[in-house]
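Quick note: the coordinates plus some simple rules give every number you see, no bench work behind them. Being a predicted model, the structure only gives us computed values, none of them experimental. Using ideal geometry, Cβ is built from the backbone for each residue, glycine included, and neighbour counts are taken over all protein chains shown.
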Amino acid sequence: MREVAVLGVGQTKFGELWDRSFREIGIEAGLEALVDAKLGSGDVHALYLGNMASGSLLSQEHIAPLILDYAGLVGRHLPAIRVEGGGASGALALHEGYLAVASGLYDYVVVGGAEKMTDVADATANQIASATADHEWEVVFGATLPALWALIARRHMHDYGTTREQLARVAVHDHEMAGKNPLAHYRNRLSVEQVVGAAPVAEPLGMLDCAPLSDGAAAVVLGPLEVARRHTDSPIRIAASEVASDTMAVQHRADITALAATAAAARRAFARARRAPADVRVAEIHDAYTISALLALEDLGFAEKGQGGPAFEAGGFGPGGRTVVNPSGGLKAQGRPFGAVGVAQVVEIVRQLRGEAKERQVAGATLGLAHDVGGTGATSVVHLLERVN
Amino acid sequence: MSIARFWRETPRRYNLGGSKCGRCGTVYFPPRAVCPACPHHRETLAQMAPFQLGGEGTVFSYTVVHEAAEGFEMQVPYVVALVKTVEGPILTGQVVDVDPASVRIGLSVRATFRKLREEGKAGVIHYGYKFAPVEPGNGSALPPRRTERAVASAPTGADRTTA
């Protein structure tokens, strides 16, 4: 296996991009990443595209060759492969791209993630997103994606004393961070009172506990580490790319207050990279719902089991903290274009490790983590990225 | 959802037909083709036997849903719970005949056969299990219906493994 580096990154604005099409945003992110990597279109060997539900959202399947075509890369008839894993589609695509370069099969691959959520009504988009849960045994009985996370939240509150205010602080944190991110969907500040007082979605979760429905795309260019200096002054090595799975339905888990897939992916990733959670200076974690972030802190090893709420409340994950979480604003405030999320997280980590994150730069970041989840945790992906000196 | 897709699950959705591993005795709902709890799970392929759940259980976790799943728009706010059955499996289902504000973890409930949702005015009506408090008046906003019958008393249909 070869060492793999991220050579270039690109990302569109996240938000309600009514004036822009799926193919437009996909191409924008990909071409930005290619330019950043100083690569011409003739150098690319393959495209991997993470996307959750273009068929349901846009009546358009078969989107990998579509994006390749409109990116002007069709003449060489390159492999173009879509990867799907619910909300973790982007991170899964990155895993596939990593494997392709590591194996030696391809030298340079573009990994994209793109989703257009706002071309359908909000209620329709939410129903489509809920298809990442178990339709036959959860959704048919009235559950939605936020309802299932609410079941997890309620039990976490019951077992560990997690409070409504501790949940709300995740959203407050994310919005504060996104204020410094020009690509973020929401850059306004929130108060704990606003989050707690927002319209209920699935109690205890309210409107402001849930990440928005966003359009957006992100892309990275991967290549062999040994030639990375030809393309960038600051190569970022992929120290680990680990995928894990769990039961499709929440009801089948021995412990619903943890995501076993996240814990497994993190355990493998830290073992492969020979590092520990305490070494991670900056992390983009899955916070589609405020409870998701607290579980992530625990399952990734940044907080003790059950102590995500108090740990977050104590401020250990904000600017100046030991591990700064979601400098981009996370899914909650940077936005949630489902299939793009996992790639966008890595774009942010790469910018942080290169020292190019401007106002939101985390000082001294050399090791970063990206964590993406599909559905209620049937898929979890952890990437560790490291600055090469 | 097509008629066939819903119809083929009726033994489970109407009668709580699960399965039990002949090697380790673990009960599953919905039924499984192999037992994930057994270390040599391939050997359980032919040993998963139909097993009927009784429908009794307690609320393990719950939420009050305000933004409905498709087909449940007319029911908001409604309670969705994880119900831990006495036989072991946890089921996801609504808790009905109760004031949503009075639902608590640990509340004793019993499965009841109800209309789940309908696909518009001319579409298919889906039936299946929901849960109601065992104690009449235990926070219940409505008196128990006389026509209501527990799923446990429903005839046990021929079972088969979910594909």
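Basic side chains Lys and Arg get +1 at the Cβ, acidic Asp and Glu get -1 at the Cβ, and with that the dipole of segment B:56-140 about its Cα centre reaches some 120 debye. Taken residue by residue and averaged, Cβ atoms of other chains lying within 10 Å of the Cβ of A:130-136 number 3. Can you spot the aspartates and glutamates whose alpha carbon is less than 19 Å from residue B:84's alpha carbon? Ignore those fewer than 8 places along the same chain. Output for residue B:84: A:134, A:136, A:138, A:159, A:255, B:56, B:97, B:135. Let me make sure I get this right: for chain A, a, b and c are the square roots of the gyration tensor eigenvalues over alpha carbons, sorted descending. Under 1.5 in a/c it's rounded, otherwise prolate if a/b > b/c, else oblate. Which is it? Prolate is the answer for chain A, as a/c is 1.5 or above and a/b outweighs b/c. On full extension, the segment bounded by residue A:322 and residue A:2 gains 112.1 nm, given 0.36 nm per residue less the C-alpha separation. Distant-in-sequence amide contacts of residue B:52, defined by a placed amide H-H separation under 5 Å and a gap of 5 or more residues or a different chain, comprise B:18. The HN-Hα couplings worked out from phi for segment A:2-9 by the Karplus form 6.51 cos²θ - 1.76 cosθ + 1.60 (θ = phi - 60°) are 7, 6, 10, 10, 8, 9, x, 9 Hz, whole numbers, x standing for Gly and Pro. At an R0 of 30 angstrom, the distance between the Cβ atoms of residue A:123 and residue A:163 translates into a FRET efficiency of 0.50. Between residue A:247 and residue A:356, the modelled labels are 4.4 nm apart [label points 7 Å from Cα along Cα→Cβ].
Across peptide B:72-84, the mean count of Cβ atoms from other chains lying within 10 Å of each residue's own Cβ comes to 4.
If R0 equals 22 Å, the separation of the Cβ atoms of residue A:192 and residue B:104 corresponds to a calculated FRET efficiency of about 0.30.
Ignoring lysines fewer than eight residues from residue A:116 along the same chain, the ones with Cα atoms less than 26 angstrom from its Cα are A:13, A:180, A:332.
Can you give the translational diffusion coefficient of segment A:24-120 in µm²/s, computed by Stokes-Einstein from the Kirkwood radius over Cα pairs at 10 °C and 1.306 mPa s? Reported coefficient: 118 µm²/s. Once both labels are positioned 7 Å from their Cα atoms along Cα-to-Cβ, the gap between residue B:115 and residue A:18 label points is 3.7 nm. Between the beta carbons of residue B:2 and residue A:227, assuming R0 = 41 Å, the FRET efficiency works out to 0.20 to the nearest 0.05. Could you tell me the ratio Rg/Rh of segment B:56-140? Both radii from Cα atoms, Rh via Kirkwood. With Rh from the inverse mean 1/r over Cα pairs, Rg/Rh is 0.98.
Which whole-angstrom value gives the distance between the alpha carbon centres of segment A:223-260 and segment A:167-197? The two parts, judged by their Cα centres, are 26 Å apart. Where a Cα-Cα gap under 20 Å defines reach, which lysines qualify for residue B:115, not counting those fewer than 8 residues away within the same chain? Those lysines meeting the cut-off are B:130. Under 1.5 on a/c is rounded, so check that first for segment A:96-205, then, if it is not, pick prolate when a/b is larger than b/c and oblate when it is not; a ≥ b ≥ c are the square roots of the alpha carbon gyration tensor eigenvalues. In terms of gyration-tensor shape, prolate. Note on A:143-156: average number of Cβ atoms from other chains within 10 Å of each residue's Cβ is 5. Electrostatic bookkeeping for residue A:220 treats Lys and Arg as +1 and Asp and Glu as -1; over the other residues with beta carbon under 12 Å from its beta carbon, the sum is -2. Once you have a ≥ b ≥ c as the square roots of the Cα gyration tensor eigenvalues for segment A:265-389, tell me rounded if a/c is under 1.5, and otherwise prolate or oblate according to whether a/b is larger than b/c. Rounded is the answer for segment A:265-389, as its axis ratio a/c remains below 1.5.
Scoring A:242-248, A:38-44, A:153-159 by mean Cβ neighbours within 10 Å over their residues and listing the highest first yields A:153-159, A:242-248, A:38-44. Annotation for segment A:66-142 versus segment A:309-356: alpha-carbon center distance of 21 Å.
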